[in-house]
Amino acid sequence: MKKKLVLVVLFLFPFVLLAQDSEQTEQKVVQAIRADEPIKIDGVLNEQVWQGAGYSEFVQSDPIDGAQPTEKTTVWVAYDDRSLYVAARLYDSQPESIVSRLGRRDDLVDSDWFEFAVDPYYDRLTGFQFRVNPAASIIDETLYNDSWSDSSWDGVWDWAARVDEQGWAVEIRIPYNQLRFPKKEEYVWGVNFRRTIKRKNEKDGFIWIPKEDRGYVSHFARLEGIKGINPGRHIEFLPYAVAQAEYTPAESGNPYATGKNYFGNTGVDLKVGLKSNLTLDAAINPDFGQVEVDPAVINLTAYETFYQERRPFFIEGSSIFNFGYGGATSFSSINWWEPNFFYSRRIGRAPQGYVSQSGYVNFPDRSTILGAAKISGKIGSGWNIGFINALTAREYAEIDSGGERFREEVEPFSYYGVLRVQKEFNESNQGFGFITTSVLRDLKSDNLQDILNQNAFSLAFDGWTFLDKNKTWVITGWMGGTRVAGSQADILRLQQAPQHYFQRPDAAHVELDEDATSLSGWAGRIYLNKEKGNFIFNAAVGAISPGFDTNDAGFHSRGDVVNSHLMFGYQSLHPGKVFRNWRIILAPYRNYDFGGNKFDNGYLLLASAQFLNYWGVELMTGYKPPAWNNDLTRGGPLMKSPAYRHGNLSIYSDSRKPVVLSMNSEYSENTAGSFGWSNGVSLRWKPRSNISISFGPSYSFRRSIFQWITRVKDPLMVDTYGTRYIFSDIDQRTFSTSIRLNWTFTPKLSFQLYTQILLGVGDYERFKELARARSYDFNIFGQEQSTISYADDMYTVDPDGWGSAPSFSFHNPDFNLKSLRGTAVLRWEYLPGSTLYFVWTQNRAGYANPGDFNFSRDIGDVFSAPGDNIFLIKISYRWFM
């Protein structure tokens, strides 16, 4: 009873805090001027339209919130029949000290910047933002959820910047067809301007938003005076051609591994403005290969690794498919595995099938996307919509067996569909939306019918509501369901997957159904967040049912969970005698399964501070009392999980300096003897204004006394329900380093180099079995009557010596992975929206000396390991109509 009372008090605590009312200030107004003469975008503000007084009422937000700027800024807005124009005069008393760095597009380099943001719908929630620095480097972004941004959008607009004796100046021209807005006689838009003076770490804005306040777009000034224009219809074609050469190690006798392979392809992307506020993106025979390689990882868990999307078609405008987030501008989750209803890397993924016959195999590395279409924008009275349709081809592996060749299907012809709709109400005080996905597969192969779902559907709703007129408190939440269908063998496989584990022998709330041909489930989460002020509060509760599964079109790793947390703390956002800002947060959390078993709970303490010299420190420490664990046995009975504590310390330096340093150190241990630590350093060196080199080595060690090995059926093992669950100790050492070079010759010509080296070694020893369910007791092989022997890379165990239990064997799990992955990309935007790529990708991997870590030997082996070299040339041309 006392515990419940404490939880109630903690939950009600924030409501007794008086939310500080925001001071209501009169909205600023900016008047756009119609240009009567052509405006040349050259950074020279000599046109007549720029000779007026302009607008100079900027306010500082950093380093002193609310203070007057140290340098004057004046801005103007003009327009004609086709475009919107912006000019800025950024005065500087020391023009020779202006920080001007070249960077590739959308790279926020350490530089002075000018930003122009516009809300053409005037919905006070979304918009577009354009940034230009003194070197004419640019960033263009879409704005959503009031203060979030997405730089994946690449608009077609003109800009120029020029440094002179007064400081520097910017001119921008934005065609109307790049801004989605409905046709009207006269327009009112939201608008803001911001300036960064990097050497002072100063940020000035036309609109001042106190640090204790929330939002961004909702505070914009009114842009008035634009009338008599037509949004225009946007139509563009983007044909492309690609040539690729692959050089790989040749394999004697393998007709598919000759050492070289050549490939060419052409296709076209189409972008059409269906209406002034709705866009169709279509791709015919698209090139959906990614330029930068995925990093190498060592995953010893039962769960899939999540990789970021890197393909432009899916990246651009992807924020419209964000689900479950809205209203609140900050979200926190502790030990909660948020499911994604749409994970675009499912489309065109590597084939999931296998070959059943022996021989040399030519296995496709991806599924061919035959065509894809995406519709995005606004319809009706402010409904945001995103719709993706894609078809992937039937894929075959070719097998050569003694000169005889035949094919086996490894991926079916498939359809993927995603629809996302959302609408804001009452000046964005409330919002409501839904997402639905569908995957349909034409399964003709018996092998594929046993391992793939024939169809999968999901439907989920989300929304938010603010609880007060000042938008201090907000509730955000979502609820959804899934249904998948397939053969009996497929659904039986799915029920036993790590997301579900229906086969758990001591779980009364789930049960395997061998006759089932479908699986359904639900999930949801609700957040309460305090948006403003110095006091911090966030609370959430969520649940994922055992049958919930989004992995055909989305991504999720854990089910059968009920999660909750509280976060409360305090933050100081203004400079003091020591710190520029600081915060401290305490967060208890707890997890149950649907059977009522508490399998995770703990307490987190988080603290961060930035010193007056712009160095910063972040600290996290936590403690978990003993609890149950429902996934260590991977579908077996519950185990006890010993008490666990952990800590993390990060330090970073002033980003204005030529050399920027960050360091990270972690430590964790439990009371049973497992422990781990890691240390990492990241250095970023800026030797010239157009060159940046990053280097980040890290080393970690982990000793676990319950590393999963396998399971063995044995009816005599009654204490663990007729199955032996085999574990071991493991000493795992991992060294990783990444090197990234950004060399920008002009804002439209750049070279990037990325290289990752990974050394990962696992040494397994002291093999054992779980002695009894719901315990942390083990039977060590080689002790008592049991024996263990090793020969020919196999371990053989007799669990009871002369007893009647059968012996069993398993492979030596020791490993030694040495990996080098790298990509070099030369990118040239030779015309607006038209690009030429030269790409070189190299992958090397070696596996010698499993279980034995020797840095000098292994680092040498990684460079001498056999490697794949891929060279690619791609050219695209953007054709406007």
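The values are calculated or read from the model by the stated rules, or taken from the named source; none is laboratory data. The shown structure was predicted, so the numbers you read here are calculated from the model rather than taken from an experiment. Here the Cβ is made from the backbone with ideal geometry for all residues, glycine too, and neighbour counts use every protein chain on show. Each accessible area value is taken on the protein alone, full model and side chains, heavy atoms only, with ligands, DNA and RNA left out. Shrake-Rupley method; radii C 1.70, N 1.55, O 1.52, S 1.80 Å.
Determine which single condition N679 fails, assuming it passes every other condition in (1) touching a residue at least 24 places away in the same chain (Cβ under 8 Å); (2) surrounded by fewer than 17 Cβ atoms within 10 Å (Cβ to Cβ). With respect to (1) touching a residue at least 24 places away in the same chain (Cβ under 8 Å); (2) surrounded by fewer than 17 Cβ atoms within 10 Å (Cβ to Cβ), N679 is out only on (1).
Is it the case that A257 is among the hydrophobic types (A, V, I, L, M, F, W, C), touching a Ser or Thr at 6+ places or on another chain (Cβ under 9 Å) and over 30 Å from E829 (Cα atoms)? Taking the combined requirement at face value, the residue satisfies it.
Residues that are out of contact with any helix residue (DSSP H, G or I) (no Cβ under 8 Å at 6 or more places or on another chain), in a strand (DSSP E or B) and open to solvent by 20 Å² or more (accessible area, probe 1.4 Å) are absent from the stretch 444-453 altogether.
Do the conditions hold for D515, that is, is it farther than 25 Å from Y592 by Cα and either assigned to a helix (DSSP H, G or I) or modelled with pLDDT under 95 (or both)?
Values: farther than 25 Å from Y592 by Cα: yes; either assigned to a helix (DSSP H, G or I) or modelled with pLDDT under 95 (or both): no.
The answer is no for D515.
Within the stretch 865-879, the only residue that satisfies the criterion of being more than 31 Å from the chain's Cα centre (by Cα) and open to solvent by 90 Å² or more (accessible area, probe 1.4 Å) is W879. Considering only residues in the stretch 523-552 that are more than 30 Å from Q503 (Cβ to Cβ) and among the β-branched types (V, I, T), the one that is least open to solvent (accessible area, probe 1.4 Å) turns out to be I536. Mind checking whether some residue in the stretch 780-795 is touching a residue at least 40 places away in the same chain (Cβ under 8 Å) and among the small types (G, A, S)? Looking for residues that are touching a residue at least 40 places away in the same chain (Cβ under 8 Å) and among the small types (G, A, S), one finds none in the stretch 780-795, hence no. Of all the numbered requirements in (1) in a strand (DSSP E or B); (2) more than 30 Å from W157 (Cα to Cα); (3) modelled with pLDDT of 95 or more, F751 misses one, and that requirement is (2). Comparison of S376, S401, S356, S330 shows that the only residue that is in contact (Cβ under 8 Å) with a residue 24 or more places away in the chain and touching an Asp or Glu at 6+ places or on another chain (Cβ under 7 Å) is S356. Note on the stretch 23-62: residues that are open to solvent by less than 30 Å² (accessible area, probe 1.4 Å), touching a residue at least 60 places away in the same chain (Cβ under 8 Å) and part of a loop (DSSP other than H, G, I, E, B) total 4.
Residue-wise test of (1) farther than 26 Å from G833 by Cα; (2) surrounded by fewer than 18 Cβ atoms within 10 Å (Cβ to Cβ).
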{"site": "V297", "(1), (2)": "yes, yes"}
{"site": "T301", "(1), (2)": "yes, yes"}
{"site": "Q308", "(1), (2)": "no, yes"}
{"site": "G324", "(1), (2)": "yes, no"}
{"site": "I334", "(1), (2)": "yes, no"}
{"site": "F342", "(1), (2)": "yes, no"}
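Pick from V355, V293: which is open to solvent by less than 50 Å² (accessible area, probe 1.4 Å), of a type in the set (V, I, T), at pLDDT 90 or above and in a loop (DSSP other than H, G, I, E, B)? Answer to the check: V355.
Okay, residues lined up against (1) in contact with a Ser or Thr (Cβ under 6 Å, 6 or more places away or on another chain); (2) among the hydroxyl-bearing types (S, T, Y); (3) in contact (Cβ under 8 Å) with a residue 24 or more places away in the chain; (4) under 24 Å from D65 (Cβ atoms):
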{"residue": "K203", "(1), (2), (3), (4)": "yes, no, yes, yes"}
{"residue": "E212", "(1), (2), (3), (4)": "no, no, yes, yes"}
{"residue": "G215", "(1), (2), (3), (4)": "yes, no, yes, yes"}
{"residue": "R222", "(1), (2), (3), (4)": "no, no, yes, yes"}
{"residue": "Q244", "(1), (2), (3), (4)": "no, no, yes, no"}
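Checking F555 against (1) closer than 26 Å to Y667 by Cα; (2) crowded, with 16+ Cβ neighbours inside 10 Å; (3) among the hydrophobic types (A, V, I, L, M, F, W, C), only one condition comes out false. Which one? Going through (1) closer than 26 Å to Y667 by Cα; (2) crowded, with 16+ Cβ neighbours inside 10 Å; (3) among the hydrophobic types (A, V, I, L, M, F, W, C) one by one, F555 breaks only (1).
Anything in the stretch 120-145 that is assigned to a loop (DSSP other than H, G, I, E, B), farther than 21 Å from Y187 by Cβ and under 29 Å from the mean Cα position of the chain (by Cα)? List them, or say none. Give the steps one after another, and end with the answer.
Here is the first cut: in the stretch 120-145, the residues assigned to a loop (DSSP other than H, G, I, E, B) are 120-126, 133-137, 145.
With the extra rule that they be farther than 21 Å from Y187 by Cβ, the set shrinks to 133-137, 145.
Matches in the stretch 120-145: N133, A136, S137, N145.
Taking each residue of the stretch 419-442 that is free of Cβ contacts under 8 Å to residues at least 12 places away in the same chain and looking for partners that are in a strand (DSSP E or B) and of a type outside the set (G, A, S) with beta-carbon atoms closer than 8 Å, six or more apart or interchain, yields F425/F432.
Filtered by the rule that a residue be open to solvent by less than 20 Å² (accessible area, probe 1.4 Å), farther than 30 Å from R827 by Cβ and β-branched (V, I, T), the stretch 729-768 gives I730, V761.
One residue alone among T305, T329, T368 is over 19 Å from the mean Cα position of the chain (by Cα) and of a type in the set (S, T, N, Q), and that residue is T368.
For (1) part of a strand (DSSP E or B); (2) closer than 30 Å to A672 by Cα; (3) open to solvent by less than 70 Å² (accessible area, probe 1.4 Å); (4) in contact with a Lys or Arg (Cβ under 7 Å, 6 or more places away or on another chain), each residue gets a yes or a no:
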position	(1), (2), (3), (4)
T796	yes, yes, yes, no
S809	yes, yes, yes, no
E829	yes, no, yes, yes
W840	yes, no, no, no
A845	yes, no, yes, yes
I859	no, no, yes, no
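When S655, S650, S608 are screened for being among the small types (G, A, S), open to solvent by less than 70 Å² (accessible area, probe 1.4 Å), in a loop (DSSP other than H, G, I, E, B) and under 30 Å from G533 (Cα atoms), only S655 passes. Of the residues making up the stretch 841-850, one or more are more than 29 Å from the chain's Cα centre (by Cα) and hydrophobic (A, V, I, L, M, F, W, C).
If I filter the stretch 567-596 down to residues being of a type in the set (S, T, Y) and within 30 Å of A507 (Cα to Cα), which single residue comes out as most open to solvent (accessible area, probe 1.4 Å)? Before the answer, list the steps.
Let us first name the residues in the stretch 567-596 that are of a type in the set (S, T, Y), namely 570, 572, 589, 592.
Those still in the list that are within 30 Å of A507 (Cα to Cα) too: 589, 592.
On the way: Y589: 14, Y592: 75 Å².
For the stretch 567-596, the residue satisfying everything is Y592.
Look at S665 and say whether it is within 26 Å of the chain's Cα centre (by Cα), of a type in the set (S, T, N, Q), buried (at least 16 other Cβ atoms within 10 Å of the Cβ) and farther than 18 Å from T301 by Cα.
Numbers: within 26 Å of the chain's Cα centre (by Cα): yes; of a type in the set (S, T, N, Q): yes; buried (at least 16 other Cβ atoms within 10 Å of the Cβ): no; farther than 18 Å from T301 by Cα: yes.
No, not satisfied.
Total residues in the stretch 695-713 satisfying the condition of being over 30 Å from S650 (Cα atoms) and either crowded, with 18+ Cβ neighbours inside 10 Å or of a type in the set (K, R) (or both): the figure is 5.
In the stretch 378-418, how many are of a type in the set (S, T, Y) and surrounded by fewer than 18 Cβ atoms within 10 Å (Cβ to Cβ)? First the steps, then the outcome.
Of all residues in the stretch 378-418, those of a type in the set (S, T, Y) come to 381, 392, 396, 401, 414-416.
Of the ones still in play, those that are also surrounded by fewer than 18 Cβ atoms within 10 Å (Cβ to Cβ) are 381, 401, 415.
Going through the stretch 378-418 one residue at a time, the tally reaches 3.
The set of residues in the stretch 242-265 being open to solvent by less than 60 Å² (accessible area, probe 1.4 Å) and charged (D, E, K, R) consists of E246 alone. Restrict the check to the stretch 398-406 and report whether at least one residue is acidic (D, E) and not in a strand (DSSP E or B). For the stretch 398-406, residues acidic (D, E) and not in a strand (DSSP E or B): absent.
Among the candidates S367, S319, single out the residue that is open to solvent by less than 50 Å² (accessible area, probe 1.4 Å), touching a strand residue (DSSP E or B) at 6+ places or on another chain (Cβ under 6 Å), closer than 19 Å to L440 by Cβ and of a type in the set (S, T, Y). Let's see the steps before the verdict.
Details: S319 fails: closer than 19 Å to L440 by Cβ.
Of the residues listed, the single one that is open to solvent by less than 50 Å² (accessible area, probe 1.4 Å), touching a strand residue (DSSP E or B) at 6+ places or on another chain (Cβ under 6 Å), closer than 19 Å to L440 by Cβ and of a type in the set (S, T, Y) is S367.
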